[in-house]
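Heads up, the thing below is written out as structure tokens.
The values are calculated or read from the model by the stated rules, or taken from the named source; none is laboratory data. All figures in this text were calculated on a predicted structure; none of them were measured in a lab. Reconstructed Cβ throughout: ideal geometry from the backbone, glycine too, with neighbour counts over all protein chains shown.
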Amino acid sequence: RSQPVSSPVILQFGHAETLLPLLSLMGYFKDKEPLTAYNYKEQMHRKFRSGHIVPYASNLIFVLYHCKNAKNPKEEFQVQMLLNEKVLPLAHSQETVSLYEDLKNHYKDILQNCHTSKECELPKVNNTSDEL
């Protein structure tokens with residue numbers, strides 16, 4: 001039976017050029033040996049294949065579940081990731097669903113050093129008529 005949605009969906013958009021670095025930063029698709037011109041044949045079945053990871057119109061979805069009947073507060077929020085509509089096992093546990101707190105703790109170094117407002121700030125525009 002359907003239940004009403006209690007909160008809106010938050011959508012943010014980017015490109016392959018933003019998804020690939022994000023997935024790499026999160027620890028996905030790491031190969032044991034780097035690809036070079038000398039080991040190309042041996043790396044034919046490598047994990048990092050940009051065309052497979054982020055094909056045209058790719059997407060990365062974070063689903064946050066609110067579990068009202070959780071046994072304790074730590075279990076109340078859980079997260080699942082999907083890459084191109086396929087469940088992506090979480091890098092820290094290889095499980096398909098994780099406690100939000102565990103996921104946040106795994107990426108705490110990245111999150112604490114991410115200064116979004118500074119990094120994503122648009123340059124100030126000088127709107128004087130002499131520039132026109």
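Taking the conditions exactly as written (assigned to a loop (DSSP other than H, G, I, E, B), closer than 18 Å to Leu20 by Cα and at pLDDT 90 or above), does Pro55 satisfy them or not?
Values: assigned to a loop (DSSP other than H, G, I, E, B): yes; closer than 18 Å to Leu20 by Cα: yes; at pLDDT 90 or above: no.
Taking the combined requirement at face value, the residue does not satisfy it.
Those residues that are loosely packed, with under 11 Cβ neighbours inside 10 Å and closer than 22 Å to His92 by Cβ, I need them from the range 32-67; list them, please.
Matches in the range 32-67: Lys32 only.
Name the one entry in Ala70, Ala91 that is touching a His at 6+ places or on another chain (Cβ under 9 Å) and part of a loop (DSSP other than H, G, I, E, B). Walk me through how you get there before you give the answer.
Values: Ala70 fails: touching a His at 6+ places or on another chain (Cβ under 9 Å).
Unique residue meeting the criteria: Ala91.
What's the total number of residues in the range 53-110 that are within 19 Å of Met26 (Cβ to Cβ) and of a type in the set (D, E, K, R)?
Residues in the range 53-110 being within 19 Å of Met26 (Cβ to Cβ) and of a type in the set (D, E, K, R): 8 in total.
When the residues of the range 84-106 are narrowed to those that are among the polar types (S, T, N, Q) and under 19 Å from Pro73 (Cβ atoms), which ends up surrounded by the fewest Cβ atoms within 10 Å (Cβ to Cβ)? Don't jump to the end; show me each part of the working.
First, the residues of the range 84-106 that are among the polar types (S, T, N, Q): 84, 93-94, 96, 98, 105.
Imposing the further condition that a residue be under 19 Å from Pro73 (Cβ atoms) reduces the set to 98, 105.
Working: Ser98: 21, Asn105: 11.
Step by step, filter the range 84-106, then rank; the result is Asn105.
Just to check your reading of the model, which residue among Glu76, Glu85 is under 23 Å from Ile10 (Cα atoms) and more than 15 Å from the chain's Cα centre (by Cα)?
Testing whether each residue is under 23 Å from Ile10 (Cα atoms) and more than 15 Å from the chain's Cα centre (by Cα) leaves just Glu76.
In the range 27-61, which residues are in contact with a helix residue (DSSP H, G or I) (Cβ under 9 Å, 6 or more places away or on another chain) and either hydrophobic (A, V, I, L, M, F, W, C) or over 20 Å from Thr96 (Cβ atoms) (or both)?
Passing the criteria: Phe29, Phe48, Ser50, Ile53, Val54, Pro55, Tyr56, Leu60.
Would you point out the residue of the range 77-112, among those that are acidic (Asp, Glu) and in contact (Cβ under 8 Å) with a residue 12 or more places away in the chain, that is farthest from Leu19 (Cα to Cα)?
My answer is Glu101.
Tell me, please, whether a residue that is part of a loop (DSSP other than H, G, I, E, B), modelled with pLDDT under 85 and exposed (fewer than 12 other Cβ atoms within 10 Å of the Cβ) can be found in the range 15-31.
Scanning the range 15-31, I find at least one residue that is part of a loop (DSSP other than H, G, I, E, B), modelled with pLDDT under 85 and exposed (fewer than 12 other Cβ atoms within 10 Å of the Cβ), so the answer is yes.
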